[in-house]
Amino acid sequence: MNRIVKNISWPFLLLIISLSILSSCAQLNREPQLSSQVPEIDKTRDAKLLTAFFGLDNGLTQMARLLYAKAPGKDGMPVIFSLEVDPATLDASDFQVTTANGSKFDVEAVTLLPAEEAFELRTALLIGEYGNHPDNPPVSVEITGDIISRTGVNFKSQTQSVIPLPEGPILSYAEYFTFTDDYPYVEKGQGCDCPRDTKMVVKAVWAGGVRAINGKELGDAELNGFQVMMVNGSDTTIVNPFLLADLSDNDNNIDLCLNAAGIPVWLKANAGIAIDPNDDANPETEIEILSRW
């Protein structure tokens with residue numbers, strides 16, 4: 001079995017699995033799901049650490065014990081990779097965090113949860129102690145070990161500056177895709193996909209988990225807050241999603257369901273449509289949309 005949380009005790013893994021079984025509509029498998037389809041294009045893309053986000057300062061709650069027994073009261077820092085990682089190569093010892101005064105901190109535990117669905121394995125949550133805001137916050141994260149993408153590319157020696165605690169979440173990565181006959185489609189429940197007849201899907205990966213400003217799931221009220229630039233031949237148009245999907249699974253991946261023809265090339269999210277776990281609102285954020293294939 002692939003290891004999903006390093007330095008986590010088996011009783012807590014069993015509790016996670018039990019909760020998943022007890023939930024009648026849950027789609028979270030509680031173990032990273034590498035898709036059977038390997039994006040060949042990833043073999044030619046650079047392995048980069050895209051963002052590191054100081055999401056919570058001594059703020060992980062008791063619920064985080066499901067991820068790591070000593071998590072409550074610790075710092076939470078999601079990091080986003082440019083490529084999906086091989087879960088078997090991910091370990092807490094692969095990271096080192098540097099704070100403003102130059103202190104070095106090791107990572108206590110790392111997990112791909114909750115963004116563990118097929119094609120989502122690019123977000124790792126670093127749990128530990130990484131200084132404190134505002135006196136000595138974390139300023140950079142370095143990959144010191146061999147973390148390998150699913151296509152065999154090594155992320156070692158990548159370094160990324162840390163987005164400070166008071167700043168809201170930004171878009172870290174976006175890709176477009178369509179549903180094929182062999183796509184691992186999730187029809188209903190937590191994390192379910194766009195309707196099957198959707199013409200195009202854009203997966204938006206945030207620097208950290210997001211909710212709507214009112215604390216609830218992103219939904220219809222936020223549709224106009226997302227603008228997608230579409231290219232169709234010589235024509236360029238700006239469209240809004242007709243629906244948001246891949247919701248209610250507590251991760252940082254949101255799918256935008258589009259009914260427009262063409263290729264999505266750019267995504268913008270208006271300021272103030274989402275908040276992170278620290279209740280910080282997002283700034284206006286935009287990013288290039290890549291092809292999954």
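Only the coordinates and a few stated rules stand behind these numbers; no lab work does. Computed from a predicted structure; not experimentally measured. For neighbour counting, all protein chains shown are included, and Cβ atoms are generated from backbone atoms with ideal geometry for every residue, glycine included.
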* Structure fact -> The local net charge around MET63, scoring Lys/Arg +1 and Asp/Glu -1 for residues other than MET63 whose Cβ lies under 14 Å from its Cβ, equals +3
* Excluding THR151 itself, what net charge comes from residues whose Cβ is under 11 Å from its Cβ, given Lys and Arg +1 and Asp and Glu -1? -> -1
* Principal-axis tilt of helix 10-22 within the chain, Cα atoms, nearest 10 degrees -> 30
* Structure fact -> Set LYS188/LYS268; LYS48/LYS199; LYS199/LYS268; LYS43/LYS188; LYS70/LYS216, cut-off 21 Å on Cα-Cα distance; pairs above it are LYS188/LYS268; LYS48/LYS199; LYS43/LYS188; LYS70/LYS216
* Give me the lysines in straight-line cross-link reach of LYS74: C-alpha distance below 21 Å, same-chain residues under 8 apart excluded. => LYS6, LYS104
* Structure fact -> Relative contact order of the range 171-291 (C-alpha contacts under 8 Å, at least 6 apart) in percent is 32
* To do: Treat each spin label as a single point 7 Å out from the Cα along the C-beta direction, and report the ASN224 to ILE238 distance in nm.
  => 1.3
* Report the GluC sites (Glu not before Pro) located in the range 148-221 that are in a DSSP loop and have at most 15 other Cβ atoms inside 10 Å of their Cβ, or state none. => GLU187, GLU217
* To do: Quickly rank 256-264, 189-197 as a protection proxy: mean count of other C-beta atoms within 10 Å, highest first.
  => 256-264, 189-197
* Asked: Relative contact order for the chain using alpha-carbon pairs under 8 Å, separation at least 6, rounded to a whole percent?
  -> 18
* **Taking ASP146, ASP280 and counting other C-beta atoms within 10 Å, the order from fewest to most** => ASP146, ASP280
* When the helix-only estimate is applied to the chain (DSSP H runs of n ≥ 4, each -39,500 (n - 2.57), divided by the residue count), what is the mean residue ellipticity at 222 nm, nearest 500 deg cm²/dmol? -> -1500 deg cm²/dmol
* Structure fact -> The farthest towards the positive end of the charge dipole of the chain, of the residues THR61, GLY73, SER93, given +1 on Cβ of Lys and Arg and -1 on Cβ of Asp and Glu, is SER93
* To do: Give me the number: length gained by fully extending GLU217 to ARG292, i.e. 0.36 nm times residue separation minus the C-alpha to C-alpha distance, one decimal in nm.
  => 24.5 nm
* Asked: Rounded to the nearest 5, what % of the DSSP beta bridges within the chain are antiparallel ones?
  -> 95
